[in-house]
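Asker: Here you go, one structure.
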């Protein structure tokens, strides 16, 4: 039941926040924070209940209720280690984005928070759903409010960016829907029961490799847009740049993770054969993403665009980590997702606060800001060095483990990925040098971080370095679930029989 | 006693955290900044004492700290490893570091970023000590990148000048190119050894990397890449001269005494891998020899005092690489130690000189400072004498002589490498005394009222003492049988193994090198003291001027990189800043718009046309149904 | 009672339909076009009745009531539209009403 609450609480507090808008904007903000804090408390109770290392299968919690029984659709939620990590990340970044919007958003405050919290509810739903139709439902729930966040509260070019974001995501999503339906029907035809239950579908034998490949490609279309995989990435810089700060934080910190999560949860276990066939291409695209994203980041003048392109580069590591099919690389990919969420979220927050103060994102008009805002500079410095993968930061743990695992199967990918780290250093430090170093620019002096903002930045920075120095809890949490994913692939790779290894079903399943 | 080993890096780290998070007065900042390093030095000294008095089993003490990652397949335990090599490193690093911190309290006193400076310096100390103590390559890598970050921050310490920020970035990026090779080396080692624990790798190396196999030379070659970047060796040496943009204590600590020798340390630490790959080890020697010549000639032609010192640092590290390349492990580390003392001394003295000369760094605009700041003159003179390796009285002589002797007698050395070293020694002597003569003698050009305070005097005095005296713990066998240093290090590193010593030959070499050095000093005296007009006259010759410029520009490496790598790359970045992939989507957009225009022509707006088309469609459909 | 052969009824319906169609395509006056549509509807209705009579089935007659109702509704809406159109354009020429041209 706790899983339902995880989704309902943000949504309901969003509604309440909207309702209270007419009374007082501050009340709206507090409702949003309190709702998320309540959610955080729930997640903490889950963490407290789970003993590490986990025993008794990868699944931690389960909820199921009938929804549309005629079509075999149930309202079914399951929580394992990967979901737990990402849900926790979602709530933390959710609180961060509400707090950072405290002074930025003054227009239609309640509706803003309604949209924000609905996106969060959708994301949490995506991380929990184990019925494919339900998953698709939450996938759409993420999308629409995000469109409003960009289109209403965004910057100059917001409509263009919002539509671009919508079209890209929706096109991918619809292809996934086709695949979901086809998979469900295929399962129904072979077994006689029509269902969209993830666990049952994971047992569907797909005899025809072409069918398997097509189905897999449908899913991949949705996740590759979100991740983003290079060539499908062009919505990202526009959307991230034009969105309000909270929108950018959620886009970069969370929405991109749903792509990585989708690969781990659905593509690999459901279509192991197709995944193995696609692995070389995925590797190549991942490496191109790492390098090309970094090259693009170097060329930007707009500070938000730079951070946005750096995400393309960082998520390339996630892609190669997932398709390396080794435990170490999978662990690295998960760690990288968490690390990237915290780091890029933090970067967008600082950049947003900066833009709010000096009303520009053009780095050529900045410079020497350290004199005016040393706290902001210090926070930015810490985040930037994390972003370039300085050892000791969580990003290093993620990238190092990823490359370590990738080296095993694709030496060239590991070497090129490591070379991408040089470029990461270049754009990160250049950002620092252009904004905070150098001679004083004409920008008027402005207030440094307020205690609220400083606390937020400190929290993110400390968690990044705490995870970097001791990533073991993340690894322990994700490990049982990743083992399941890895077995599916291994089983296929050995080609022992037509049978498939299946995802272990939750023990308390009725 | 050994249980306190973790305090050695932890204390400066604690200092860093306090300096970052607490608001302190200037005195408190100095107390925390210097105090943390002083405490760390004391702990290191106490550990060193007990190491010598009652060495641990196998002369090695390992202190596991925490398990970083354990995925089942990959495990990394962060731990510290104390043996004679790392002990030497922490002793030198903490001691020299402490003196430089002490000096900085006075040198940086007027700077508004006082607390920030000490915070960065403490962070550097913590990272450097982590680097040398780490028993796991991942942990070592954390320190390795940490010192790189601090180097970036401290070079760009005076951030308001764009060129400082540029120099800082250059330093970080170029070293990171080497670091990438290093990182790939880590992946490779993990893949084949299943661990990144240094000792396990060294123990298993002969079995897993069979001599002569491809793998056996790729692994050390990748590590060498990291070492070359960090230690500013050819071809990645160009960042170090620019790094002089940082405050002078930074140049002394990071870019002379400690961080830049990390590459030397890395090679010595993983020596088994290098001995298993003779070609790579030979490459180390060649890189060292080439670098020491390139950098020495460049040092000879600099006008800027700090740049000259920077090139001399590159050159001296070249000697260390040369020694490593011929298997003279302890000689390389000996030179590291003496170099740490005398180069820190030279830089700190140079800082005082620059203060005295009103922030003028051009040696040709100084002159005649001998009378004004006699104390600084004497310590700088001692430092220069050590650098030039004046025979018998300086530590630099003993360490450099040890290297040259071993290059001569090692089977991996040989005449050509030895000659490079000797020519380098000659040039070193010339440029060392060129600095002394240009700065302190000749016509006075500036007035100064600068008087060094107690902190500066203590730091310089102690360093001068060690620069002179440290050499006596390791003397050539032919002079006296005092070999504390090599015996100490041979508990960890293999002893040097060369041809059978022949006393006559050794004496001949020693005297020859001494004469070369003295000749160098003589040349310097003639050119820069007796006939100050001579250099200008020489430059009138077109060819001499061309060579001079070539040397002054560091043999054109910078220009080459800028022209052929950096600029083309930046050009590519600039023209692609709009992202070429967007074209694909513009194309889709354009096509759908075209199709839309085409189809909208069918919308004539005439009801009768629509009706006619409908009829036609119905007829065709029915016709098809009937026919088929 | 002599039964009219089904063919006769159908031929009549087809003729009516063709007449209506030709009228629809050739006339420009919207009123006439509307009338032609009515003729075509009635032709279809006639075909239904004929079919219903032939198979002895009530469905044909149900359809004709349906068509009549629909035609009435359509004519009322159509005439209202035509009136508005005439008010604003002062013409009955259907070709002049091409504001929706692409």
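Any read-out appearing in this document is the output of simple, stated calculations on the displayed coordinates, not a laboratory observation. Please read these numbers as outputs of a predicted model, since none were measured by experiment. Neighbour counts are summed over all protein chains in view; Cβ atoms, including those assigned to glycine, are modelled from backbone coordinates with ideal geometry.
Asker: Could you sort the peptides B:464-473, B:124-133, A:395-404, B:110-119 by per-residue average Cβ neighbour count (10 Å cutoff), highest mean leading?
Answerer: A:395-404, B:124-133, B:464-473, B:110-119
Asker: When only C-alpha pairs under 8 Å and at least 6 residues apart count, what is the relative contact order of chain B, in percent? Write down the numbers at each step before the final one.
Answerer: Working: 989 pairs, mean separation 74.3, N = 628.
Once divided by the residue count of chain B, the mean separation gives 12 percent.
Asker: What is the mean number of Cβ atoms from other protein chains located within 10 Å of the Cβ atom of each residue in peptide A:365-375, rounded to a whole number?
Answerer: Per residue, the average neighbour count from other chains is 2.
Asker: Could I have the simple spin-label model distance between residue A:49 and residue B:45, label points 7 Å from Cα toward Cβ, reported in nm to one decimal?
Answerer: With each label point 7 Å from Cα toward Cβ, the separation is 5.9 nm.
Asker: Mind pulling the angle between the C-alpha long axis of helix A:209-226 and the longest principal axis of chain A? Nearest 10 degrees, somewhere in 0 to 90.
Answerer: 20 degrees
Asker: Also, quick follow-up: Rounded to the nearest 10 degrees, what's the angle between the helix A:472-494 long axis and the longest principal axis of chain A, both from Cα atoms, 0 to 90?
Answerer: 40 degrees
Asker: Now a separate question. Run the quick spin-label model on residue B:472 and residue A:71: label points 7 Å from Cα toward the beta carbon, then report their separation in nm to one decimal.
Answerer: 9.3 nm
Asker: Which FRET efficiency, nearest 0.05, do residue B:52 and residue B:529 yield, Cβ-Cβ r, R0 30 Å?
Answerer: That pair, residue B:52 with residue B:529, gives E of 0.10.
Asker: If I take the Cα coordinates of the stretch C:38-100 and project them onto the principal axes, what are the three extents in Å, biggest first?
Answerer: 50, 18, 17
Asker: Averaging sequence separations of C-alpha pairs under 8 Å and six or more residues apart, then dividing by the length of the stretch B:56-185, give the relative contact order as a whole percent.
Answerer: 19 percent
Asker: Follow-up question, since we're still on this one. Can you sort A:460, B:253 so the residue with the fewest Cβ neighbours within 10 Å comes first?
Answerer: If I rank by nearby Cβ atoms, fewest first, I get A:460, B:253.
Asker: Could you work out, residue by residue across B:63-74, how many beta carbons of other chains sit within 10 Å of that residue's beta carbon, and then give the average as an integer? Walk me through the intermediate numbers first.
Answerer: Working: counts 0, 0, 0, 3, 2, 8, 13, 5, 17, 6, 8, 11.
The mean count of partner-chain Cβ atoms within 10 Å per residue comes to 6.
Asker: How would you rank A:320-327, C:86-93, A:464-471, highest first, on the average number of other Cβ atoms within 10 Å across their residues?
Answerer: Packing proxy ranking, top to bottom: A:320-327, A:464-471, C:86-93.
Asker: Something else about it: Roughly what would the spin-label model give for residue C:87 and residue B:589, points 7 Å off Cα along C-beta, in nm?
Answerer: My value for the distance between the label points is 4.3 nm.
Asker: Please tell me the relative contact order of the stretch B:299-395 in percent, rounded to the nearest whole number, where contacts are Cα pairs under 8 Å and at least six residues apart.
Answerer: Working: 71 pairs, mean separation 28.3, N = 97.
Once divided by the residue count of the stretch B:299-395, the mean separation gives 29 percent.
Asker: Within 10 Å of each Cβ of B:169-178, how many other protein chain Cβ atoms are there on average?
Answerer: What the average comes to for B:169-178 is 4.
Asker: Once both axes come from the Cα atoms, what is the angle between helix A:81-100 and the longest principal axis of chain A, in degrees from 0 to 90, rounded to 10?
Answerer: Taking the Cα atoms of chain A, the angle to A:81-100 is about 20 degrees.
Asker: Could you list A:235, B:329 so that the one with the fewest beta carbons within 10 Å of its beta carbon is first and the one with the most is last? Don't skip to the end; give the middle numbers.
Answerer: Details: A:235 22, B:329 26.
Going from least to most buried by this count: A:235, B:329.
Asker: Another question, then. To the nearest 0.05, what FRET efficiency results for residue A:211 and residue B:602 with a Förster distance of 35 Å applied to their C-beta separation? Walk me through the intermediate numbers first.
Answerer: Numbers: r = 38 Å, r/R0 = 1.09.
Plugging the Cβ-Cβ distance into 1/(1 + (r/R0)^6) gives 0.35.
Asker: I would also like to ask the following. Within a 10 angstrom radius of the beta carbon, how do A:436, A:148 rank from fewest other beta carbons to most?
Answerer: Final ranking by Cβ density, sparse to dense: A:148, A:436.
Asker: So, R0 is 51 Å and r is the distance between the beta-carbons of residue B:70 and residue A:155; what FRET efficiency does that work out to, to 0.05?
Answerer: It comes out at approximately 0.65.
Asker: How much of the DSSP beta bridge set in the protein assembly as shown is antiparallel, as a percent to the nearest 5?
Answerer: Working: 24 of 25 bridges.
Looking only at bridges with both residues in the protein assembly as shown, the antiparallel portion is about 95 percent.
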